[in-house]
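Right, one structure below, let's go through it.
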Amino acid sequence: MHQNGRKKLNMKSSHRVAMLRNQMIHFIRYGVLTSTKPRVKEVQRLIEKIVTIARVGNEFNARRRVHAMLPYDKEAVISLFKDIAPKYVQRPGGYTRVRNIGQRVSDTAPIARLEWV
């Protein structure tokens, strides 16, 4: 049970949850997300979970669980169930990959890109 926490990303929990939800919605809509590496890795963790939930198909409980994670964008939930999840039904996990881009010029923060496999 130890050492299984996640990054706090230097934010209060409500701000962190809202930011991660917005980035998940952006990733579902556009198929790519470019941000700092710790943020991308947190979004990747959550995206992997909701795609695993959505793989079972358009069932009530699966839709309810995904909607609980993405409560304010029904179009993203519909896109996840119609377009994204059916592609990964036979895949046992690892739906996304993180590519390192380099460092940001202003503060040398590591930048990464999240994309579908």
Inter-site label distance for Arg91 and Lys74 at 7 Å from Cα along Cβ, in nm:
2.8 nm
Which is farthest toward the positive dipole end of region 13-116 among Met24, Ala62, Phe81, measuring Cα position about the Cα centre, with Cβ charges +1 (Lys, Arg) and -1 (Asp, Glu)?
Ala62
Calculated P(r) of the chain - Cα pairs past 20 Å, %:
44 percent
For region 32-37, 3J(HN,Hα) per residue [Karplus equation, 6.51 cos²θ - 1.76 cosθ + 1.60, θ = phi - 60°, Hz, x = Gly/Pro]:
8, 9, 10, 7, 6, 4
So which aspartates and glutamates pass the test for Lys41, namely a Cα distance under 16 Å, with those fewer than 8 places away in the same chain ruled out?
Glu115
Which aspartates and glutamates, if any, have their Cα less than 16 Å from the Cα of Lys82, not counting same-chain residues under 8 positions apart?
Glu59, Asp73
Can you find, among Ile50, Pro71, His15, the residue farthest towards the positive end of the dipole of the chain? Put +1 on the C-beta of Lys and Arg, -1 on that of Asp and Glu.
His15
To the nearest 500 deg cm²/dmol, what mean residue ellipticity at 222 nm is calculated for the chain from DSSP H runs of n ≥ 4 alone, each contributing -39,500 (n - 2.57), summed and divided by the residues?
-14000 deg cm²/dmol
Distant-in-sequence amide H partners of Met11 (H built 1.01 Å from N, under 5 Å)
none
Apply the Karplus curve 6.51 cos²θ - 1.76 cosθ + 1.60, θ = phi - 60°, to the phi angles in region 44-61 and return the couplings in whole Hz, x for Gly and Pro.
4, 4, 6, 4, 4, 5, 6, 5, 4, 5, 6, 5, 5, x, 7, 9, 4, 5
5 angstrom amide H check on Ala109, placed H, neighbours 5+ away:
Arg104
Give the long-range amide H neighbours of Val56: residues separated by 5 or more places, or on another chain, with amide H under 5 Å away, using H modelled in the peptide plane at 1.01 Å from N.
none
Take Val66, Val98 and order them by how many other Cβ atoms sit within 10 Å, fewest up front.
Val98, Val66
Dipole in debye (nearest 20) - region 13-116, about Cα centre, beta carbon charges: Lys, Arg +1; Asp, Glu -1:
160 debye
Would you please name the chymotrypsin sites (Phe, Trp or Tyr not before Pro) within region 47-101 that are DSSP coil residues with at most 15 other C-beta atoms within 10 Å of their C-beta?
Tyr72
I'd like the Karplus ³J(HN,Hα) series for region 104-117: coefficients 6.51, -1.76, 1.60, θ = phi - 60°, whole numbers in Hz, and an x wherever there's a Gly or Pro.
6, 5, 5, 10, 6, 6, x, 10, 9, 10, 9, 9, 6, 7
Can you pull out the trypsin sites (Lys or Arg not before Pro) in region 1-60 whose DSSP state is coil and whose Cβ has at most 14 other Cβ atoms within 10 Å?
Arg6, Lys7, Lys8, Lys12
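Readers should treat all values here as calculations from the given coordinates under stated rules, not as data from a laboratory. Keep in mind that what you see is a predicted model, and the values were worked out from it rather than measured. Note that we place each Cβ from the backbone using ideal geometry, even for glycine, and neighbour counts take in every protein chain shown.
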